[in-house]
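Q: This structure is in structure tokens; I'll ask about it shortly.
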Amino acid sequence: MKIVHPLIKYVRPGFLSTTNCAGCGNGIIAQSILRAVDELEMDIDDFVFVSGIGCAAWIPSPFFNADVLHTTHGRPIAFATGVKLSNPKLRVMVVSGDGDLVAIGGNHFIHAARRNIDLTVICANNGIYGMTGGQVGPTTPSGLKTATTPYGNLERPFDLPNLAKAAGAVYVARWTTYHARQLTKSIKRAVQKKGFSFIEVISQCPVQFGRRTGAGNAVTMMQNYKKNSVSIKKVDKLKENELKGKIIVGEFIDREEPELCEEIAKMRERIG
Amino acid sequence: MSNKVLTGLHFMQGDIACAEGAIAAGCRFFAGYPITPATEIAERMAKRLPEVGGTYAQMEDELGSMAAIIGASWTGTRAMTATSGPGISLMLENIGYAIATETPCVVVNVQRGAPSTGSATLSFQGDILQARRGSHGEYETIALAPSSSQEMFDLTIKAFNLAEKFRTPVFLLADAFIGHMREEVLIPDKSKINIVKRKLPPCKMSLNEYKSSLDENVAPMPIFGHGFKSHVTGSTHNSYGKRDVTNYEALDYEVKLLSKKISKHKREIISVDSEIKDSNVVLISYGTTYRAVREARKMLKRDNINVGSFRLITLWPFPEEEIEDLAKKVKKIIVLENNLGQIVTYIKAAVKGEAEVIFLPPQVLGTLHKPDYIVDKVKEVI
Amino acid sequence: MIEINEELCKGCGLCVAFCPKDVLKMSNKLTKKGIHPPEVINEKDCTLCGNCMLYCPDLAIVIGKEEKIV
Ligand SMILES: Cc1ncc(C[n+]2csc(CCOP(=O)(O)OP(=O)(O)O)c2C)c(N)n1
Ligand code: SF4
Ligand code: SF4
Ligand code: SF4
Ligand SMILES: [Mg+2]
């Protein structure tokens with residue numbers, strides 16, 4: 001007697017057991033994506049999942065039983081741009097880490113947002129370079145001691161939703177792995193949205209972040225996400241000192257702008 | 001001008017002929033970033049692609065351009081980028097990715113003065129070895145060297161055909177002379193242009209059921225959007241696309257098979273242009289240097305001196321056997337390159353001491369060899 | 001009905017921590033992987049809220065009504 005997990009049908013045969021460490025948030029993000037596809041009743045064969053290099057890049061690769069393009073470090077958005085432009089019918093989703101998408105890949109990130117090309121970009125932000133062993137990254141909190149900031153991080157982290165918004169993204173949200181339900185809903189919205197959608201997921205890396213920086217194990221980290229999150233809807237009512245150390249979650253923007261592939265199609269028609 | 005193939009006789013710049021060759025070859029995606037002396041290719045593609053239902057993407061940099069054409073290629077589209085040395089330097093990691101993932105695409109390098117930013121408008125043949133070895137690791141590559149505007153057209157088509165057939169990036173190694181020079185170009189009728197299409201897997205098979213990579217005879221390419229459930233990765237993988245990054249056997253298997261895919265089909269890939277007859281001395285050249293050789297041979301003929309010419313149209317894979325055969329027929333080989341000696345080392349190795357090899361760069365690097373300078377050299381060694 | 005796949009479980013404890021009804025507990029049992037999987041201690045209190053399944057990163061826990069059994 002067995003109950004079959006409803007998402008197993010989307011997992012590539014033979015790859016059910018992942019290489020993620022125990023309690024890694026990447027597994028929760030992977031399922032949130034698959035659950036969104038399932039709830040949307042979309043055919044996963046209409047998707048192309050594109051990732052870069054890092055633990056987060058292994059969320060779809062090879063786990064998702066779909067077309068998966070596991071690319072080079074920092075470049076998944078540029079690869080995805082080529083996929084989408086040359087076949088706009090495909091639903092293209094980029095899933096990668098904070099280091100991949102906004103350090104080495106930061107330029108592709110802002111330019112894809114500026115172009116408003118119809119991509120869904122999901123950033124698994126663990127605040128660290130997980131795969132290479134816990135070095136500081138562009139989203140590491142100031143002051144934190146990491147493998148390459150033994151005296152504390154002297155730099156400030158990016159605020160990714162506001163970066164994406166300023167660069168021109170039409171849908172932007174931030175959640176934590178604790179908000180898996182809201183995250184699923186947001187992914188559904190992002191997939192249906194025409195244009196550049198971006199979702200940041202604050203995610204626990206219990207090994208290279210938790211253990212090294214003293215943030216604790218997966219359970220502690222997720223309990224802290226729960227405790228420290230504030231909905232963006234309430235932010236205006238809070239004073240600056242009340243927001244210190246808080247994670248602002250929710251939808252940062254949801255607007256309509258002309259989408260690149262559609263504009264290209266119109267241009268082709270215009271010039272005959 | 002919305003014709004896909006501009007059949008007829010034209011007076012065309014090399015860069016434009018290259019773009020037209022691409023359109024004629026069925027290229028429908030171009031991603032690039034402006035750089036002299038390759039910009040005209042991008043400009044022409046920006047105008048022409050939308051006319052024929054294709055897409056031009058001006059990316060934020062060359063890293064992105066190379067990435068985008070690989071992405072496009074995986075949707076089944078013929079894709080190309082064009083740049084010069086500095087751009088190639090930025091593309092090299094993703095060129096390695098295209099080799100490892102067996103992604104057909106064409107990369108045009110209109111070479112210019114270097115190193116570094118060098119001299120944008122000056123010509124040079126400085127990136128010959130970069131094309132062969134620039135990306136990291138161990139691999140085989142294909143590179144063609146056009147000598148005229150006509151060949152910018154013809155060899156671009158050939159580059160696409162080789163890329164599609166062997167599922168690999170193919171370089172077109174032009175230079176500022178060829179890119180910017182205007183000459184007659186005869187564009188044949190569409191029906192006369194041979195187009196090779198990549199092999200696709202049988203419909204409705206998923207990746208998990210058939211070998212999609214690492215076949216020395218080229219595996220069918222499971223392009224996106226057809227339910228193949230492809231897993232494309234630059235990580236070490238097996239023939240089913242399964243990542244295996246912790247064992248040497250997997251590494252050995254992948255590297256050897258990727259290389260063999262090219263080396264096994266060398267005879268089919270390589271083309272050379274040989275006019276030896278009974279000459280004891282032969283001039284080896286490629287790309288623009290061949291133009292100087294042609295002039296020098298005419299002058300020598302007037303003095304009743306018969307020297308042969310051996311032109312490499314394919315630079316990589318290196319025509320080793322062809323050179324070896326040549327060395328057995330002649331006494332002296334003069335190698336002309338517009339650099340300080342890149343392909344000459346490969347030629348010396350292939351000659352195996354059967355003939356004397358003399359290297360001849362131009363007097364002033366970057367400039368075309370002066371024909372009388374070549375003539376004097378020939379008379380000196382004869 | 002709650003089913004735990006001990007081959008997939010990595011023993012992270014998230015299911016236990018986020019079960020609102022204390023239905024689960026980490027067991028003393030050691031799996032082949034050398035980890036302690038959770039066990040069901042109080043199934044009658046389970047509301048089928050889905051938290052355990054939602055937060056398990058490894059698809060190792062499934063809940064479902066008895067009729068859904070295949
Ligand atoms: C060009 C290049 N530089 C560096 C690396 C090494 N590298 C692999 S993963 C990684 C960091 C990934 O960090 P992130 O994107 O945050 O992913 P995470 O592992 O934290 O999920 C780095 C620097 C690489 N693979 N390629
Ligand atoms: S190192 Fe961190 S991010 Fe990588 S799998 Fe382990 S827990 Fe996850
Ligand atoms: S479904 Fe809810 S109540 Fe039942 S075991 Fe899981 S978390 Fe606990
Ligand atoms: S959440 Fe999943 S992996 Fe973690 S202990 Fe529970 S069943 Fe095991
Ligand atoms: Mg990270």
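The values are calculated or read from the model by the stated rules, or taken from the named source; none is laboratory data. Quick caveat: nothing in here was measured; it's all calculated off a predicted structure. All Cβ positions, glycine included, derive from the backbone under ideal geometry; neighbour counts span all protein chains shown. Accessible surface areas use protein heavy atoms only, side chains included; no ligands, DNA or RNA. Shrake-Rupley method; radii C 1.70, N 1.55, O 1.52, S 1.80 Å.
Q: State, in square angstrom and to the nearest 100, the accessible area buried between chains A and B, both chains counted, probe radius 1.4 Å. Don't jump to the answer; show the numbers that get you there.
A: Working: alone 13770 and 15770 Å², together 26510 Å².
For chain A against chain B, roughly 3000 Å² becomes buried.
Q: How large is the Rg to Rh ratio of segment A:28-169 when both quantities use alpha carbon positions and Rh follows Kirkwood? Each step should come with its number before you reach the end.
A: Details: Rg = 15.4 Å, Rh = 15.5 Å.
We get a ratio of 0.99 for segment A:28-169.
Q: Over chain B, give the accessible area per residue in Å² for a 1.4 Å probe, as an integer.
A: On the way: 14250 Å² over 382 residues.
Each residue of chain B exposes 37 Å² on average to a 1.4 Å probe.
Q: For chain C, take every pair of Cα atoms, bin their distances at 10 Å starting from 0, and report each bin as a whole percent.
A: With a bin width of 10 Å, the distribution comes to 22, 56, 21, 0.
Q: Considering every pair of different Cα atoms, what Kirkwood radius, in Å, is found for chain A? Don't skip to the end; give the middle numbers.
A: Working: mean 1/r = 0.0530 Å⁻¹.
Over chain A, the inverse of the mean reciprocal pair distance is 18.9 Å.
Q: Where Lys and Arg each count +1 and Asp and Glu each count -1, what net charge lies around A:Glu256 among other residues with Cβ under 15 Å from its Cβ?
A: Values: positive: A:Lys165, A:Arg189, A:Lys193, A:Lys194, A:Arg255; negative: A:Asp118, A:Glu251, A:Asp254, A:Glu257, A:Glu259, A:Glu262, A:Glu263.
Neighbour charge sum, excluding A:Glu256 itself: -2.
Q: Suppose all protein chains stay in the model; what accessible area per residue would a 1.4 Å probe give for segment A:8-271, in Å²?
A: 40 Å²
Q: Would you list, by chain and number, the lysines whose Cα falls below 28 Å from the Cα of B:Lys261, excluding same-chain residues fewer than 8 positions away?
A: Partners within reach: B:Lys158, B:Lys165, B:Lys197, B:Lys199, B:Lys204, B:Lys211, B:Lys229, B:Lys242, B:Lys348, B:Lys352.
Q: How much of the DSSP bridge set in segment B:8-192 is antiparallel, in percent, rounded to the nearest 5? List each step's numbers first, then the result.
A: On the way: 7 of 28 bridges.
DSSP beta bridges in segment B:8-192 are roughly 25 percent antiparallel.
Q: What is the sum of charges, Lys and Arg at +1 and Asp and Glu at -1, for the other residues whose Cβ falls under 14 Å from the Cβ of B:Glu60? Could you put the intermediate results ahead of the total?
A: Working: positive: A:Arg75, A:Arg114, A:Arg115; negative: B:Asp61, B:Glu62.
With Lys, Arg at +1 and Asp, Glu at -1, the net is +1.
Q: Next up: Starting from the Cα of C:Lys33, draw a straight line to each of the lysines and keep only those under 19 Å, dropping any in the same chain fewer than 8 residues away.
A: Result set, ordered by chain and number: C:Lys10, C:Lys25.
Q: Return the sequence-ordered ³J(HN,Hα) values of segment A:159-174 in whole Hz as given by the Karplus equation 6.51 cos²θ - 1.76 cosθ + 1.60 applied to θ = phi - 60°, using x for Gly and Pro.
A: For segment A:159-174, the Karplus-derived couplings read 9, 4, x, 6, 5, 5, 4, 5, 7, x, 4, 9, 9, 9, 9, 10 Hz, x marking Gly and Pro.
Q: Let me ask you something else. Can you divide the C-alpha Rg of segment A:125-232 by 2.2 N^0.38 Å and report the result to two decimal places?
A: Numbers: Rg = 14.8 Å, N = 108, 2.2 N^0.38 = 13.0 Å.
That ratio works out to 1.13.
Q: Using a cut-off of 12 Å between beta-carbons, work out the net charge of the residues near B:Tyr33 (Lys and Arg +1, Asp and Glu -1, B:Tyr33 not included).
A: Values: positive: none; negative: B:Glu60, B:Asp61, B:Glu62.
Net local charge, B:Tyr33 excluded: -3.
Q: When ligands, DNA and RNA are left out and all protein chains stay put, how many square angstrom of accessible area per residue does chain C have with a 1.4 Å probe?
A: Values: 3670 Å² over 70 residues.
Value for chain C: 52 Å² per residue.
Q: Shape call for the protein assembly as shown from the C-alpha gyration tensor, a ≥ b ≥ c root eigenvalues: rounded (a/c under 1.5), prolate (a/b greater than b/c) or oblate? Let's see the in-between values first.
A: Values: a/c = 2.36, a/b = 2.15, b/c = 1.09.
Prolate, since a/c reaches 1.5 and a/b exceeds b/c.
Q: Can you quote the Å³ per residue value for the convex hull of the Cα atoms in segment B:129-283, rounded to an integer?
A: On the way: hull volume 27.8 nm³, N = 155.
Per residue, the Cα convex hull of segment B:129-283 comes to 179 Å³.
Q: A further question on this structure: Please quote Rg/Rh for segment B:272-381 to two decimal places, taking the Kirkwood radius as Rh and restricting both calculations to Cα atoms. It would help to have the intermediate numbers written out before the result.
A: Values: Rg = 12.6 Å, Rh = 13.6 Å.
Expressed as Rg/Rh, it is 0.92.
Q: Shielding by partners for A:203-209, please: the mean number of other protein chain Cβ atoms within 10 Å of each residue's Cβ.
A: Whole-number average of other-chain Cβ neighbours for A:203-209 is 1.
Q: Among DSSP beta bridges whose residues both lie in chain A, state the antiparallel percentage, nearest 5. List each step's numbers first, then the result.
A: Values: 7 of 35 bridges.
Given both bridge residues lie in chain A, the antiparallel proportion sits at roughly 20 percent.
Q: Please list the non-local residues whose amide H lies under 5 Å from the amide H of C:Gly11, H modeled 1.01 Å from N, same-chain partners needing a gap of 5 or more.
A: Placed amide hydrogens put nothing under 5 Å from C:Gly11.
Q: Which is farthest toward the positive dipole end of the protein assembly as shown among A:Ala190, B:Tyr240, B:Phe124, measuring Cα position about the Cα centre, with Cβ charges +1 (Lys, Arg) and -1 (Asp, Glu)?
A: A:Ala190
Q: Here's a follow-up. With 5 Å bins from zero, work out the P(r) of segment A:208-266 over every alpha carbon pair and list the percent per bin.
A: Calculated over all Cα pairs of segment A:208-266, the distribution is 4, 14, 16, 14, 12, 11, 8, 8, 8, 4, 1 percent.
Q: When only Cα pairs under 8 Å and 6 or more residues apart are kept, what is the percent relative contact order across segment C:2-63?
A: So the answer I get is 44 percent.
Q: In whole percent, and with a 1.4 Å probe on the protein chains, what portion of the accessible area of segment C:2-63 is carbon and sulfur?
A: C and S fraction of accessible area: 51 percent.
Q: Separate question: For segment B:8-192, just say rounded, prolate or oblate: build the C-alpha gyration tensor, square-root its eigenvalues into a ≥ b ≥ c, call rounded for a/c under 1.5, and beyond that prolate if a/b exceeds b/c, oblate if not. It would help to have the intermediate numbers written out before the result.
A: Values: a/c = 1.45, a/b = 1.12, b/c = 1.30.
Rounded, since a/c falls under 1.5.
Q: Amide H neighbours of B:Ala143 under 5 Å, at least 5 residues apart or on other chains, H built in the peptide plane: list them.
A: Residues meeting the criterion, in which the H sits 1.01 Å from N, are B:Phe171, B:Leu315, B:Trp316.
Q: Of B:Lys242, B:Lys197, which has the most accessible area with a 1.4 Å probe, and how do the rest follow in descending order?
A: Numbers: B:Lys242 100, B:Lys197 160 Å².
In descending accessible area the options line up as B:Lys197, B:Lys242.
Q: Just to be sure I understand: of the beta bridges DSSP finds with both ends in the protein assembly as shown, what percent are antiparallel, rounded to 5? Walk me through the intermediate numbers first.
A: On the way: 27 of 92 bridges.
If I count the DSSP bridges inside the protein assembly as shown, around 30 percent turn out antiparallel.
Q: Excluding residues on the same chain fewer than 8 positions from C:Lys44, give the aspartates and glutamates whose Cα lies under 19 Å from its Cα.
A: C:Glu3, C:Asp22, C:Glu66, C:Glu67
Q: Also: If you project the alpha carbons of chain B onto the principal axes, what extent comes out on each, in Å, largest first?
A: Per principal axis, max minus min of the Cα coordinates gives 67, 51, 41 Å.
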